[in-house]
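Just below is one structure, and these are the notes that go with it.
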Amino acid sequence: MGRPQRYESDDVSLISIRPYQDPEVAAILELWRAAGLTLPVQQPDRDIRAARTRGRGEVFVAEYESRLIATIMVGREEDRGWLYYLAVEPSVQRKGLGRAMVRHAEKWLRSRGCAKVMLMVRENNRRVRGFYERLGYQPEPRHIMSRGLGAPVEAPQQQIAAGAKG
């Protein structure tokens, strides 16, 4: 069990933040589902395993009165860190626990040489954007683009050339 930590001016003043244990994966996944953090196309259990397997990340959980009440996943790439899956059980939200989890993750990243931490928030999630802005995070002038890699897709030039032949 992790060492209890006090966070001044928080209603949840005595919590334990520590790396997750394997038997807690089901409880972590349930908290993530309840918080709306996962989509049907995601494989969050794979994300948990990958965080540790590659040695570049960790999943932290918070306990309060022997209950798992919050999580955050942290990962790093060279000198940049990433935050994922911050979730706080609804019954203990707005008591400073989310802030405590973020600060714990930042400390972990800083101790591993990260100079900057990044995260992604869904564009329509104003409440979460506001939360991170209050912690000092700022929007980056970037546009995230992605493409699923399930089936090969021909490049537009290949499609045009194929059409000209046929």
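Taking region 17-131 as the region of interest, the helices (runs of 4 or more DSSP H) fully inside it that hold 1 or more residues being at pLDDT 95 or above are 97-111.
Beta carbons closer than 6 Å, at least 6 apart along the sequence or on distinct chains, pair a first residue in region 17-33 that is in contact (Cβ under 8 Å) with a residue 60 or more places away in the chain with a second that is of a type outside the set (D, E, K, R) and assigned to a helix (DSSP H, G or I) for Ile17/His104. Of Val121, Val128, Val102, all but one fail to be of a type in the set (A, V, I, L, M) and touching a Phe, Trp or Tyr at 6+ places or on another chain (Cβ under 7 Å); the exception is Val121.
Based on this model, can you work out whether Val92 counts as surrounded by 11 or more Cβ atoms within 10 Å (Cβ to Cβ), among the β-branched types (Val, Ile, Thr) and within 16 Å of the chain's Cα centre (by Cα)?
no
Against the condition of a type outside the set (Val, Ile, Thr), over 22 Å from Arg127 (Cβ atoms) and modelled with pLDDT of 90 or more, how does Leu14 come out, does it pass? It is false that Leu14 is of a type outside the set (Val, Ile, Thr), over 22 Å from Arg127 (Cβ atoms) and modelled with pLDDT of 90 or more.
Number of residues in region 133-146 that are in contact with a strand residue (DSSP E or B) (Cβ under 9 Å, 6 or more places away or on another chain) and at pLDDT 95 or above equals 1. Taken over region 16-55, the criterion of being charged (D, E, K, R), under 16 Å from Glu89 (Cβ atoms) and more than 14 Å from the chain's Cα centre (by Cα) is satisfied by Glu24, Glu30.
The values are calculated or read from the model by the stated rules, or taken from the named source; none is laboratory data. Quick caveat, the model's predicted, so the values are computed rather than measured. Every residue, glycine among them, receives a Cβ derived from its backbone with ideal geometry; neighbour counts consider all protein chains shown.
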